[in-house]
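A quick write-up on the structure given underneath.
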Amino acid sequence: AQRVTQPEKLLSVFKGAPVELKCNYSYSGSPELFWYVQYSRQRLQLLLRHISRESIKGFTADLNKGETSFHLKKPFAQEEDSAMYYCALNGGTSYGKLTFGQGTILTVHP
Amino acid sequence: DTGVSQDPRHKITKRGQNVTFRCDPISEHNRLYWYRQTLGQGPEFLTYFQNEAQLEKSRLLSDRFSAERPKGSFSTLEIQRTEQGDSAMYLCASSLGTGNSPLHFGNGTRLTVT
């Protein structure tokens, strides 16, 4: 069975501080991992995916197969980063069947 | 706005009534998905269409739920004999039909069953 765990429901940091949103997954094969973000009053949107290996809005995420983790990191948080973040996994399909974690609400204080 | 649109945004219904939601995907996207999100949880996959063909249905989709995409464009999700446990946000998403293209979500339809 596939499972995504985001251990923190809430995460608060101050502007300029580093931030790390944790994501652990359970899947026996080679997964594809994503981070989706939902800003206030906006729709859920893709932030980044591990196969792209890119930095979006200063965020990066590295897939660690040994630790089955895909943590999202940003060295200097900004107030506009405040949002709900979801980690998601696609295991074994060639289409968008995703297993989402419960989400982490990130609040960046001024 | 040329994104995925869903109608209605909110629906309040009494237990036992039938409801139908509509989703209009991005026009060039031939893949369409329905997800359900309950309070405090992430979205859960319900079903997937490739053009007009419904190719996968989750076990979450009981017999009271039916989804269609008759012409491979818009889709409808119908819930018959609604129950209080059906109260949730119903999200529609679409994607291009190439590999694992990213999903584009709509704003969702929030269903409240009283």
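Report, in listed order, any pair from A:K74/A:K97; A:K9/B:K14; A:K15/A:K57 with a Cα-Cα distance greater than 25 Å. Please list the in-between numbers first.
Working: A:K74/A:K97 27 Å; A:K9/B:K14 32 Å; A:K15/A:K57 15 Å.
Over 25 Å apart, Cα to Cα: A:K74/A:K97; A:K9/B:K14.
Using a Gaussian network for chain B with springs between C-alpha atoms less than 10 Å apart, which of these wobbles most: B:G85, B:G16, B:G40? In this elastic network of chain B, the residue with the biggest mean-square fluctuation among B:G85, B:G16, B:G40 is B:G40.
Compare A:D81, A:D62 by solvent-accessible area with a 1.4 Å probe and give them largest first, with all protein chains kept in place.
Details: A:D81 5, A:D62 100 Å².
The most accessible residue leads, giving A:D62, A:D81.
With every protein chain in place and a 1.4 angstrom probe, the accessible-area ranking of A:I56, A:I105, B:I12, largest first, reads B:I12, A:I105, A:I56.
Each residue was assigned an accessible area with a 1.4 Å probe, and for B:H104 the value is about 80 Å².
The values are calculated or read from the model by the stated rules, or taken from the named source; none is laboratory data. Source: prediction; values computed, not measured. Keep in mind that these areas ignore ligands, DNA and RNA; they rest on the heavy atoms of the full protein, side chains included. Shrake-Rupley method; radii C 1.70, N 1.55, O 1.52, S 1.80 Å.
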